[in-house]
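S.K.: Just dropping this structure here.
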Amino acid sequence: MIIIDQTRRVLVQGITGREGRARTRLMREYGTTVVAGCTPGKGGQDVESIPVFDRVAEAVQSVGRIDVSVLFVPAKLVKVAAIDAIRAGVKLLVLVPDRVPVWDAMEIAAEAATHGASFVGPNTLGVLSPGRAVLGMIGGRAESAREWFNEPIDGRTVGVVSRSGGMTSSCGYYLSRAGVGLSTLVHVGGDSVIGLAIPDVAAMFQQDPETDAIVVFGEIGGSQEERLAAMMTRGHVTKPVIAYVGGAAATEGTRFSHAGAIIEGGRGTHAGKVEALTAAGATVVESFGELPAKTLEVLTQLQPAASDP
């Protein structure tokens with residue numbers, strides 16, 4: 001397990017909005033410890049028996065330590081809300097909204113770096129640790145999330161990371177149907193400027209004793225998959241990596257579902273990503289349908305020590 005479990009104390013910014021209310025219900029019903037909400041001008045109210053504050057600092061002063069803030073606010077307000085949380089001492093943010101301006105995301109990244117904080121997103125469905133807790137909206141409802149995603153299984157547990165929200169969930173679902181356990185599902189977000197990226201999450205999985213292997217749903221555009229390959233080559237990621245890279249038919253200038261997945265200047269191609277990952281020792285499948293069976297095959301070949309960080 002990485003990033004989230006039931007011991008992490010969570011704040012929801014934008015909790016009084018329709019989306020904030022609905023997703024807070026999902027998170028609490030799944031096991032997430034939501035201790036406070038924040039909506040400027042709505043302080044003193046409560047949502048699902050959770051106290052609401054005007055500022056994050058006020059929430060911290062009232063309820064104590066807050067480990068994570070999940071943001072369900074309009075895109076144009078994400079920067080202000082994120083900086084409010086970071087300056088109040090929150091060390092991890094989950095930025096759910098899409099269409100956050102690139103310059104705003106860059107300012108959030110700079111503020112986070114200054115304060116030793118990190119963030120997932122923008123444009124993320126969030127993070128889910130099966131049987132423990134969820135941040136964001138993966139699974140949609142607590143009942144479906146419990147049904148779809150297997151809890152960790154000794155010797156058959158993988159971490160899943162992707163830039164695609166739908167494919168993060170799909171990977172988790174089909175791996176679970178194949179009898180594979182899941183340590184954590186992480187949707188890093190599809191924007192061109194994000195916080196934690198695929199290589200960062202892979203490094204976390206490398207250190208996680210509950211993760212036996214890493215499953216990656218990659219896409220054209222950017223360099224996240226190539227950076228992961230470089231980490232593998234340098235020996236920083238030694239656990240097995242099983243990957244599928246979408247966008248084989250895309251040509252230069254094609255955008256593959258979101259802003260961070262576009263081929264420009266011959267960089268970020270499907271062929272280049274497959275070549276880099278394969279050369280680094282990853283198992284790369286040609287079709288998404290092969291991913292569950294190939295993952296199970298790789299797991300059955302592991303020695304017991306492969307689970308050690």
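S.K.: Apply the Kirkwood formula to the chain: the hydrodynamic radius equals the inverse of the mean of 1/r over all pairs of different alpha-carbon atoms; give it in Å with one decimal. Let's see the in-between values first.
M.R.: Values: mean 1/r = 0.0515 Å⁻¹.
About 19.4 Å for the chain.
S.K.: Right, something else. Would you mind checking the pairs K79/K273; K91/K273; K42/K79; K79/K239; K76/K273 and listing those with alpha carbons more than 27 angstrom apart? Walk me through the numbers before you get to the answer.
M.R.: Numbers: K79/K273 32 Å; K91/K273 32 Å; K42/K79 19 Å; K79/K239 36 Å; K76/K273 33 Å.
The answer is K79/K273; K91/K273; K79/K239; K76/K273.
S.K.: If packing is taken as the average number of other Cβ atoms within 10 Å across a peptide's residues, how do 183-194, 200-211 rank, most packed first?
M.R.: Details: 183-194: 25.5, 200-211: 19.5.
Descending packing order for the listed peptides: 183-194, 200-211.
S.K.: With the cut-off at 17 Å, report for region 9-120 the share of all Cα pairs above it, as a whole percent.
M.R.: Working: 2919 of 6216 pairs.
Above the 17 Å cut-off, region 9-120 has 47 percent of its Cα pairs.
S.K.: Could you tell me how many degrees, from 0 to 90 and to the nearest 10, lie between the Cα long axis of helix 198-207 and the main elongation axis, the longest principal axis, of the Cα atoms of the chain?
M.R.: Tilt of helix 198-207: around 90 degrees.
S.K.: If you put +1 on each Lys and Arg Cβ and -1 on each Asp and Glu Cβ, how big is the dipole of the chain around its Cα centre, in Debye rounded to 20? Let's see the in-between values first.
M.R.: Values: 28 positive and 32 negative charges, 123 e Å.
With only Lys, Arg, Asp and Glu charged at Cβ, the dipole is about 600 debye.
S.K.: Please compute the volume of the convex hull spanned by the alpha-carbon atoms of region 149-303 and report it per residue in Å³. Please report the intermediate quantities before stating the final value.
M.R.: Numbers: hull volume 15.0 nm³, N = 155.
Here the figure is 96 Å³ per residue.
S.K.: Could you tell me the largest-minus-smallest coordinate of the C-alpha atoms of region 54-211 on each of the three principal axes, in descending order and whole angstroms?
M.R.: If we take the Cα atoms of region 54-211, the spans are 44, 34, 30 Å.
Laboratory data are not the source of any read-out in this text; all were calculated from the coordinates shown. None of the values given here were measured: they were computed from a predicted structure. Here Cβ is always computed from backbone atoms with ideal geometry, including for glycine, and neighbour counts include all displayed protein chains.
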